[in-house]
There are 2 protein chains.
Amino acid sequence: MRASTALLTDRYELTMIDAALADGTADRACVFEVFARRLPSGRRYGVVAGTGRLLEAIESFRFDGPALDWIAAEGIVSDRMLEYLREYTFRGDITGYAEGELYFPGSPILQASGTFADAVVLETLILSILNYDSAVASAASRMTQAAIGRPCLEMGSRRAHEDAAVAAARAAVVAGFDGTSNLEAGRRYGLHTIGTAAHAFTLLHDTERDAFVAQVASAGAGTTLLVDTYDIEQGVITAVDVAGRALGAVRLDSGDLPVVAREVREQLDELGASDTRIVVSSDLDEYAIAALAAAPVDSYGVGTSVVTGSGFPTCGMVYKLVLREGEDGAMHAVAKKSSGGKASIGGRKAAGRRIENGLATEEVVFLSPDDDVPVLDEAIAEVGQGELRALQVPLVVAGRIDESYTGPAGVQRARERHAASLDELPRAARRLSAGDPAIPTEVITV
Amino acid sequence: MRASTALLTDRYELTMIDAALADGTADRACVFEVFARRLPSGRRYGVVAGTGRLLEAIESFRFDGPALDWIAAEGIVSDRMLEYLREYTFRGDITGYAEGELYFPGSPILQASGTFADAVVLETLILSILNYDSAVASAASRMTQAAIGRPCLEMGSRRAHEDAAVAAARAAVVAGFDGTSNLEAGRRYGLHTIGTAAHAFTLLHDTERDAFVAQVASAGAGTTLLVDTYDIEQGVITAVDVAGRALGAVRLDSGDLPVVAREVREQLDELGASDTRIVVSSDLDEYAIAALAAAPVDSYGVGTSVVTGSGFPTCGMVYKLVLREGEDGAMHAVAKKSSGGKASIGGRKAAGRRIENGLATEEVVFLSPDDDVPVLDEAIAEVGQGELRALQVPLVVAGRIDESYTGPAGVQRARERHAASLDELPRAARRLSAGDPAIPTEVITV
């Protein structure tokens, strides 16, 4: 279990509960929902990621002694609240889109049910994880689509916060990347780790040849040699001369890649190194990858753009109270009403994706203002036209986490979910060009 | 000390060292430099941040048993390399811009000196921390400038990776923010934590009045009430009715803020609550803050845009080998030569900022291809026209970290450095409008 995640939280989550404990509303049954009002401008779909990490973090969401001492010393909450926090562990339910699933505007990505106190205190953590990981996975998915089957490798650790980098590597693999340079991500999530060498390694040596000799001696001829430190043409000659025709790959990290890749391919073939692959890695994003589709490139090393969500470093997902017990003991749909584009729809939602002839045509969101769960289940089961694939799965039941979504196995499961869901999207909807969401979201009140 | 940071590292750092250990180059004396080739498009200056966090992370950069076991099991490096890692602790020197200092294209932000092995292995960690924290601080600095003295409060945790959020809160405070909603940042770095309430707290209650009564009972009349859940005008009436004229503040989180703020100010004044402040917090960035300059707003709650660097979530800083020992035992300047905009300047640099009549006019970078440190020091000391403020300070000496840059005291020190350096910039250079770097960078070979 990782260190306590409980203080990775906004102060107001605690002060709200403190006030609600005092007036007796803290125990009201509540349902919170995570959704995104819109996709990033021009994007056709989003990818839910971070769910497995979230479950791991919820397991570690306990206020330990040092945390409680600090909260007490700061005078943030009352003694009654400190007692509540001391005993806190999430005892409610969480249902949501399986990790790797696609989402659209208004998709009910996650639902947390429990007392107000139990559920509201997880808000910051839930949103931090889903917003970041989904931003990375959504960008990564476009890149693996653009790569049309060629491997994409995540190398962006240095362009992200050092812990975010681990999450980014994981999210990229969920969305189809084949490996990562990040060692901690490899260890924690069983990911395939990869790496070549930096220009510094070549510069360290008196000659480029010395560097290549050292690398091949250490890593074998199957290694990837970085050939663009001095002069690419000479670098390729030296690389093949040192490693022989068994040279695994050369890496190009600068220059006009479509042109250079073609020249290097010809050169390698002329040198008899026709099995030597070409890896490119210079500020690639999904558009640069698409532009290399016709170039003789074998794999893509992607850095900055994947770990920063390729222009959209967060998803704008929100966590809203949609249903709560009233003084009358009944459940009531609630929603912010004030203007300004931030109004939302109260009531618990159930979601299905309509699949016709194997292709997704619609995101259907059923809304039950009265929280009639059987009616929602029935609505999903009964809808007639085409097939309606249910999208929500139980993730936490009465505080018990479904471990099958966590750890290395969770990543593989999410990766398969992503691939399967993407296969349902019409080809046109997988284009990089800006457009509306790939399928419309229809809200049906039942 | 935090958990080991050693695996927050790219795989190739280890495999390069492995190869260099085998051919004897791992022990060559080296100097690596961190710099940015350019500022984000249109930005006038950047802010160095994360230095204190970096020193803390370097202290924890040890390969512990589980890490070594995993590396061994994966077969990433040789047994010789495992032995090297087992003993690893950084024994070199690090010199750099003090945290909070401004930087420009080509500024030698950080220099790490040591053997190749000792210094290269820190590359990923150094860049992760400086790139993210500096991106946040650079955006935050523009926001505090735009706020012209009104407090800015960081509330963006939910829009960033959960650990990045802690770093973001810290970096925002370095750049002049007054507080953060993030509790862990408050605890770890002694930051002022702040918070109001969410719409969920109002919706939890049967009426808005009930919610306000509960909050005031718990937090006192000096609290900040969120008045835009249903109808702002009615919300303000209820807020003042419940809390009285001693109401601390109202928060507006939606709508056309310049207009609404004015209406609410008039309303508060008419109700006699002329000391009640107005906090706004709806998708603010530096431009929105500037647009509110004439509105009766008392403080700004900033979320998404500050934690994501307001359009530039990473700085593009790189870590390049610039000087290394050769077979001849002498130090040689080295640099990547190949085309593609990624060439760099070899040799160790020393930097000073020329200050004339109290205002910065130039970033002067002295370059000594022969690593003649006394000559560099002399150059800085002797430059005649105007005053030349030396920019580099020792951060790590022979593996010993200067603790005065770490922890809560380090944040305050960085905050003062930021304020003082910003005061040196001409007013025009602090504008939000896009333009060239505020001062030119001149490279002088000595």
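The values are calculated or read from the model by the stated rules, or taken from the named source; none is laboratory data. Quick caveat: nothing in here was measured; it's all calculated off a predicted structure. Please note: Cβ atoms are built from the backbone with ideal geometry, for glycine as well, and neighbour counts cover all protein chains shown.
Remarks
- Pairing residues of the stretch A:281-294 that are more than 14 Å from chain B (Cβ to nearest Cβ) and more than 18 Å from residue A:307 (Cα to Cα) with residues that are outside any loop (DSSP other than H, G, I, E, B) and of a type in the set (Gly, Ala, Ser), at Cβ distances under 6 Å and at least 6 apart in sequence or on separate chains, gives A:290/A:146.
- Subset of the stretch B:134-167 (residues that are facing chain A (nearest Cβ under 8 Å), crowded, with 24+ Cβ neighbours inside 10 Å and either part of a helix (DSSP H, G or I) or among the charged types (D, E, K, R) (or both)): B:157, B:158, B:159, B:162, B:164, B:165, B:166, B:167
- Counting residues in the stretch B:79-95 that are assigned to a loop (DSSP other than H, G, I, E, B) and either aromatic (Phe, Trp, Tyr) or modelled with pLDDT under 95 (or both) gives one or more.
- Of the residues A:221, A:239, A:200, the single one that is at pLDDT 95 or above and under 34 Å from the mean Cα position of the chain (by Cα) is A:200.
- In the stretch B:176-190, the condition of being surrounded by fewer than 24 Cβ atoms within 10 Å (Cβ to Cβ), of a type in the set (Asp, Glu) and without any contact (Cβ under 8 Å) to a residue 60 or more places away in the chain is met by no residue.
- Residue that is farthest from residue B:390 (Cα to Cα) [pool: residues in the stretch B:104-118 that are hydrophobic (A, V, I, L, M, F, W, C) and more than 9 Å from chain A (Cβ to nearest Cβ)]: B:117
- Every test in (1) in contact (Cβ under 8 Å) with a residue 24 or more places away in the chain; (2) closer than 25 Å to residue B:123 by Cβ is passed by residue B:297 save one, and that test is (2).
- Of the strands (runs of 3 or more DSSP E) entirely within the stretch A:379-446, those holding at least 3 residues that are hydrophobic (A, V, I, L, M, F, W, C) occupy A:392-397.
- Output for the stretch A:1-49, where each listed residue is out of contact with any strand residue (DSSP E or B) (no Cβ under 6 Å at 6 or more places or on another chain) and aromatic (Phe, Trp, Tyr): A:12, A:35
- Some residue of the stretch A:311-329 being within 12 Å of chain B (Cβ to nearest Cβ), crowded, with 21+ Cβ neighbours inside 10 Å and more than 30 Å from residue B:283 (Cβ to Cβ): no
- Hits in the stretch B:252-294 (condition: touching a Pro at 6+ places or on another chain (Cβ under 8 Å) and under 12 Å from residue B:147 (Cβ atoms)): B:291, B:292
- All positions within the stretch A:195-254 that are crowded, with 19+ Cβ neighbours inside 10 Å and acidic (Asp, Glu): A:208, A:228, A:253
- A search for C-beta distances below 6 Å between a residue of the stretch B:11-31 that is at the interface with chain A (Cβ under 7 Å from one of its Cβ atoms) and any residue that is among the polar types (S, T, N, Q), counting only pairs 6+ apart in sequence or on different chains, returns B:11/A:181; B:11/A:193; B:12/A:196; B:18/A:218; B:18/B:78; B:19/A:215; B:19/A:218; B:22/A:218.
- Filtered by the rule that a residue be touching an Asp or Glu at 6+ places or on another chain (Cβ under 8 Å) and farther than 17 Å from residue A:268 by Cβ, the stretch A:220-252 gives A:229, A:230.
- Contact map, the stretch B:414-431: residues that are closer than 22 Å to residue B:50 by Cβ paired with residues that are of a type in the set (Ser, Thr, Tyr), Cβ distance under 8 Å, separation 6+ or inter-chain. Pairs shown: B:414/B:51; B:414/B:405; B:418/B:141; B:422/B:141; B:425/B:45.
- Scanning the stretch A:3-10 for any residue that is touching a residue at least 40 places away in the same chain (Cβ under 8 Å), under 26 Å from the mean Cα position of the chain (by Cα), away from chain B (no Cβ under 11 Å) and over 21 Å from residue B:204 (Cβ atoms) turns up nothing.
- Residue-level check: of (1) at the interface with chain B (Cβ under 7 Å from one of its Cβ atoms); (2) aliphatic (A, V, I, L, M); (3) in contact (Cβ under 8 Å) with a residue 24 or more places away in the chain; (4) within 23 Å of residue A:181 (Cα to Cα), residue A:217 misses just (3).
Every residue, every condition in (1) of a type in the set (A, V, I, L, M, F, W, C); (2) assigned by TED's automatic domain parsing to the domain that holds residue A:221; (3) out of contact with any His (no Cβ under 6 Å at 6 or more places or on another chain); (4) at pLDDT below 95, yes or no:
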residue	(1), (2), (3), (4)
A:278	yes, yes, yes, no
A:289	yes, yes, yes, no
A:303	no, no, yes, no
A:317	yes, no, yes, no
A:321	yes, no, yes, no
A:332	no, no, yes, yes
A:335	yes, no, yes, yes
A:360	yes, no, yes, no
A:363	no, no, yes, no
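- Verdict on residue A:67 being in contact (Cβ under 8 Å) with a residue 60 or more places away in the chain and within 14 Å of chain B (Cβ to nearest Cβ): yes
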